[in-house]
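Since every read-out is calculated from the coordinates, none of them should be taken as a lab result. Just so it is clear, the structure is predicted and the values come from calculations on it, not from any experiment. Every residue, glycine among them, receives a Cβ derived from its backbone with ideal geometry; neighbour counts consider all protein chains shown.
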């Protein structure tokens, strides 16, 4: 029988925790072939959520509690995952909120996907059958949808509909492998970082519909502005597609800037300046792509490998050098050099 641990971070959830634990264990009775455990990771809640869980342990053998200092959602999950792996040794780990916004009744939907071969299953609000609360304000719906879309487009992984959902089932091997990556993210951006790692390392990701229910007791802990800015920063610094575009823009700036210096400052002929500036831009693009944009495919630290790879990259890019040089030579000879910058852009 496989073990699954549902990890639930809490802070001041005394109004919800008993209900969610009861609902989960009631659901667990209907699930064959799985031994379901619940691990509450409480951050020393002032409302004594932890004491409620300790009392409930007398009733439920598979209920566990870990008390940690309050240091963000990501750290709570990482501490919980480590504890579960060390003490319970599960095949599967769940992420779940304590406020009943994540329906305990669909636990078996996640498990079916896992049994069918998925490594990482997301409770998705943005696929058929899923939804966000109708009572959310327009600004909250907008932030949720746009934030999720930015991540999807940034990573160019449109098949995954909900990157920011916090209701998930994850095979233990992913957590073990991802530890050195996810430990750097303490807040809600941890969700995006973990899924990004799983996708990058070829985990089979699937989704099940989630009808997200807004909490009725207590207050949300999320800071929308901080979460949005941290998520955007993560996408910008980790999404290969965005970094590739940025490298291209930097290359254009290098090309144009050096041409301007040589033509306007040193009075070179425009075609000569273009020949040199384009080659320098190609070198810039090669280095930035290797060390930043495609750092996960970084060349091995071998001089011959670098030289050979650069020569291939330069050969592929030689068409750009030839076209730009000939094009600007022809246009400046026909129309004069004073508008060289227009010819270069065109």
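Brief remarks on what is shown
- Arranged from fewest to most other beta-carbon atoms within 10 Å of their beta carbon, 149, 96, 1, 156 become 1, 156, 149, 96.
- Residues considered: 182, 127, 78. Largest GNM mean-square fluctuation over the chain, using C-alpha springs under 10 Å, is found at 127.
- Percent of C-alpha pairs per 10 Å bin, the chain, short to long: 5, 21, 25, 17, 12, 10, 7, 3, 0, 0
- Rg/Rh (Cα only; Kirkwood hydrodynamic radius) as it applies to the stretch 30-112: 0.95
- Compared with the dominant principal axis of the Cα atoms in the chain, helix 303-335 is inclined by about 50°.
- The value of relative contact order for the stretch 241-345, using C-alpha pairs under 8 Å at least six residues apart, is 31 percent.
- Linear extension gain, residue 176 paired with residue 241, 0.36 nm per residue minus alpha-carbon span: 20.7 nm
- The gain in end-to-end length when the residue 51 to residue 184 segment is fully stretched comes to 44.9 nm, 0.36 nm per residue minus the alpha carbon separation.
- Relative contact order of the chain, defined on C-alpha pairs under 8 angstrom at six or more residues apart (%): 16
- For the stretch 241-345, the spherically averaged projection of the C-alpha convex hull amounts to 7.0 nm².
- Angle of helix 172-182 to the longest C-alpha principal axis of the chain, folded into 0 to 90 degrees and rounded to 10: 50°.
- Counting all C-alpha pairs of the stretch 28-76, share separated by more than 16 Å (%): 48
- Here is how the number arises for the chain: DSSP H runs of 4 or more residues each give -39500 (n - 2.57), the sum is divided by the residue count, and the result at 222 nm is -17000 deg cm²/dmol.
- Its Cα gyration tensor gives the stretch 145-285 an equivalent ellipsoid; the semi-axes, largest first and in whole Å, are 43, 17, 13.
- Projected over all directions and averaged, the alpha-carbon convex hull of the stretch 105-201 occupies 7.1 nm².
- In degrees, nearest ten, helix 270-288 long axis to first principal axis of the chain (Cα): 20
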